[in-house]
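See below for the structure under consideration.
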Amino acid sequence: MLDIGEEAPDFELSDQNGDSVALSDYHGQRVVLYFYPRANTEGCTTQACSFRDNWDRYEDLDIAVLGVSDDTVSDLKKFEEDHDLPVRFLSDENGEVSTVYESYGEKKMFGNTFDGVFRNTYVIDEEGTIELAYEGVDPEEHAETILADLDLD
């Protein structure tokens with residue numbers, strides 16, 4: 001994981017609509033940058049729906065939420081539509097951005113070894129500095145945990 005207080009590396013990826021998104025587009029706004037393994041799987045859907053269900057609080061606090069996986073743009077669009085998700089999802093098909101954020105690497109599942117995205121999250125402040133970092137998060141409680149940790153209410 002990258003360290004709290006470190007400058008968040010800038011990047012540019014395509015979102016679920018095929019539009020280019022850079023972290024620097026959000027300068028002056030707090031950003032939740034969350035990495036997740038695969039769209040439309042149980043844990044990832046639970047996590048995304050948790051952000052959806054808390055969306056009004058994130059909007060009220062002017063916090064952008066960006067979800068990053070190695071899914072294709074079309075898979076991300078389907079994910080958004082299937083679950084009515086307001087999150088901006090970013091396609092990191094080759095894992096380059098996820099690697100820079102120490103959220104990509106070797107995984108094991110059902111006896112198979114493969115490279116994939118880890119379930120990690122960074123909260124980046126208005127100046128582009130990592131404010132909070134979470135490794136291996138609980139998908140169900142995560143959106144609420146971030147809000148509680150920021151203590152902005």
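The values are calculated or read from the model by the stated rules, or taken from the named source; none is laboratory data. Because the structure is a prediction, the values reported are computed rather than measured. We place every Cβ from the backbone using ideal geometry, glycine too, and count neighbours over all the protein chains shown. SASA here: full protein model, heavy atoms, side chains in, ligands and nucleic acids out. Shrake-Rupley method; radii C 1.70, N 1.55, O 1.52, S 1.80 Å.
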Looking at the structure I just gave you, is residue 103 farther than 19 Å from residue 15 by Cα, open to solvent by less than 20 Å² (accessible area, probe 1.4 Å) and in contact (Cβ under 8 Å) with a residue 40 or more places away in the chain? no
Considering only residues that are polar (S, T, N, Q) and farther than 25 Å from residue 22 by Cα, which ones fall in segment 110-153? 112, 113, 145
So residue 118 passes all but one of these: (1) closer than 12 Å to residue 33 by Cα; (2) hydrophobic (A, V, I, L, M, F, W, C); (3) surrounded by 18 or more Cβ atoms within 10 Å (Cβ to Cβ). Which condition number does it fail? (1)
Restricting to segment 135-153, give me the number of residues that are open to solvent by 30 Å² or more (accessible area, probe 1.4 Å), within 17 Å of residue 44 (Cα to Cα) and not in a loop (DSSP other than H, G, I, E, B). 3
Just to be sure, is residue 79 surrounded by 12 or more Cβ atoms within 10 Å (Cβ to Cβ), more than 20 Å from residue 150 (Cβ to Cβ), in contact (Cβ under 8 Å) with a residue 40 or more places away in the chain and aromatic (Phe, Trp, Tyr)? yes
